[in-house]
């Protein structure tokens, strides 16, 4: 291979210096999106301020975890001699953020059909499990993870009954590895009420499938006990049995006032445990929601008014109004996979318009975990829970506060995402341009 005059004029030392930024850049590219290995041994994070979400704030505290589970917390917590110690002095430590409704992992580029798996054909799909279509190498996952989102609930759409929900980690090699808990709820999209006749027909279909599930359950039980002939299984109706038994809540997406009222009446009629998902008019029914103990998962707080007579801050004040009424709620933010990383921006906007700071943090952590039924394993910093943690320099609700480290189930993830890779790539472009000049 012939060498150019330029390469011949560079000494070995200069060659190394010349290639170093390139090697660093390539290293970042190769490391991008590589899932973290399982936790090895014991890890102790010392000197930080712990926002436990269950037992207040602990200054200059230590947290110890092993095999992905928190084993000790406290100011005087004992650090094993063999532990890997991370000094977090001057840093804040929070539970990982929980995104309760997102297309994260189910879509990559919305305009490319092959990269999107959000729905199945037909209106009644209770047997669908979104986690089996979860794409572990999505570019959107590390973007969310490095911003502190450690748990996500990928949500299908486009059907009346869109399928079963599962909680997933945002880092891992396969969906099986990333599955945190399956069948935490059933997604229902409440029909539009603009066309009355169509709405009535759709509601009749919804009523009929619930009634069919009850009849199916009785027939299967009678068949199993020998009191009736064999009854063939039906995977759709089988999937609805936990719902009609009250063991699985329905997450009903409804935004407008009439939709919300109808959804409440329907769920009470069938005796279903219900979580309302939406945002637009939830505050108009805050008193009723609190009285009936109906939980709410708020969609985007950062939004404009939907009616001409509403003030510009109508959406921003909904969390405050729900809080004041005593409604149990969490903040889910944008449903789009590309914007899952900015869930804390929605909480920050709520704080700016009156929501207490602690309530905003709880809406991203322990309150979200309770609404999703995963608060026994995540959502707060407690002994026995998973070590899914975010270490920040400053307030995580400040838009530019850096997230320095993120642990998911005790595994310290790579903090490289697509934005950082592109930054390094174009910094290298300018470096090369300067060398050429």
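The values are calculated or read from the model by the stated rules, or taken from the named source; none is laboratory data. If you're wondering where the values come from, they're calculated on a predicted model, not measured in any experiment. Ideal geometry is used to build each Cβ from the backbone, glycine not excepted, and the neighbour counts take in all protein chains shown.
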* Taking residue 257 and the conditions (1) at pLDDT 95 or above; (2) touching a helix residue (DSSP H, G or I) at 6+ places or on another chain (Cβ under 6 Å); (3) under 21 Å from residue 315 (Cα atoms), which numbered condition does it fall short on, given that it satisfies the others? -> (1)
* Is it the case that some residue within region 121-137 is closer than 30 Å to residue 62 by Cα and crowded, with 24+ Cβ neighbours inside 10 Å? -> no
* Condition met for residue 341 (in contact (Cβ under 8 Å) with a residue 24 or more places away in the chain, over 30 Å from residue 109 (Cβ atoms) and either assigned by TED's automatic domain parsing to the domain that holds residue 321 or surrounded by 17 or more Cβ atoms within 10 Å (Cβ to Cβ) (or both)) -> no
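Out of curiosity, is residue 136 over 21 Å from residue 390 (Cα atoms), part of a loop (DSSP other than H, G, I, E, B) and at pLDDT 90 or above?
On the way: over 21 Å from residue 390 (Cα atoms): no; part of a loop (DSSP other than H, G, I, E, B): yes; at pLDDT 90 or above: yes.
For residue 136, the condition - over 21 Å from residue 390 (Cα atoms), part of a loop (DSSP other than H, G, I, E, B) and at pLDDT 90 or above - is not met.
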* Here are some conditions: (1) over 19 Å from residue 102 (Cβ atoms); (2) touching a strand residue (DSSP E or B) at 6+ places or on another chain (Cβ under 8 Å); (3) surrounded by 14 or more Cβ atoms within 10 Å (Cβ to Cβ). Residue 384 meets all but one. Which one does it not meet? -> (3)
* Wholly enclosed strands (runs of 3 or more DSSP E) of region 63-115 bearing at least 3 residues more than 21 Å from the chain's Cα centre (by Cα) -> 69-74, 84-87
* To do: Would you be able to say whether some residue in region 374-384 is in contact with a helix residue (DSSP H, G or I) (Cβ under 8 Å, 6 or more places away or on another chain) and free of Cβ contacts under 8 Å to residues at least 40 places away in the same chain?
  => yes
* Please specify each residue of region 408-426 satisfying the condition of being over 17 Å from residue 341 (Cα atoms) and touching a residue at least 12 places away in the same chain (Cβ under 8 Å). => 409, 410, 411, 412, 424, 425
* If you take the residues of region 211-236 that are surrounded by 12 or more Cβ atoms within 10 Å (Cβ to Cβ) and either touching a residue at least 40 places away in the same chain (Cβ under 8 Å) or not in a helix (DSSP H, G or I) (or both), which of them is nearest to the chain's Cα centre (by Cα)? -> 236
* Do you know which of the residues in region 142-183 that are in a loop (DSSP other than H, G, I, E, B) and in contact with a helix residue (DSSP H, G or I) (Cβ under 8 Å, 6 or more places away or on another chain) is surrounded by the fewest Cβ atoms within 10 Å (Cβ to Cβ)? -> 160
* Within region 35-43, is even one residue in contact with a strand residue (DSSP E or B) (Cβ under 6 Å, 6 or more places away or on another chain), surrounded by fewer than 19 Cβ atoms within 10 Å (Cβ to Cβ), in a strand (DSSP E or B) and modelled with pLDDT of 95 or more? -> no
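Is it true that residue 155 is under 19 Å from residue 250 (Cα atoms) and within 17 Å of the chain's Cα centre (by Cα)? Talk me through it step by step, then tell me what you get.
Values: under 19 Å from residue 250 (Cα atoms): yes; within 17 Å of the chain's Cα centre (by Cα): yes.
So residue 155 passes the test.
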* Asked: Quick one: is residue 243 surrounded by 16 or more Cβ atoms within 10 Å (Cβ to Cβ), part of a helix (DSSP H, G or I) and at pLDDT 95 or above?
  -> yes
* From (1) at pLDDT below 95; (2) under 30 Å from residue 116 (Cβ atoms); (3) crowded, with 20+ Cβ neighbours inside 10 Å, pick out the condition that doesn't hold for residue 397. => (2)
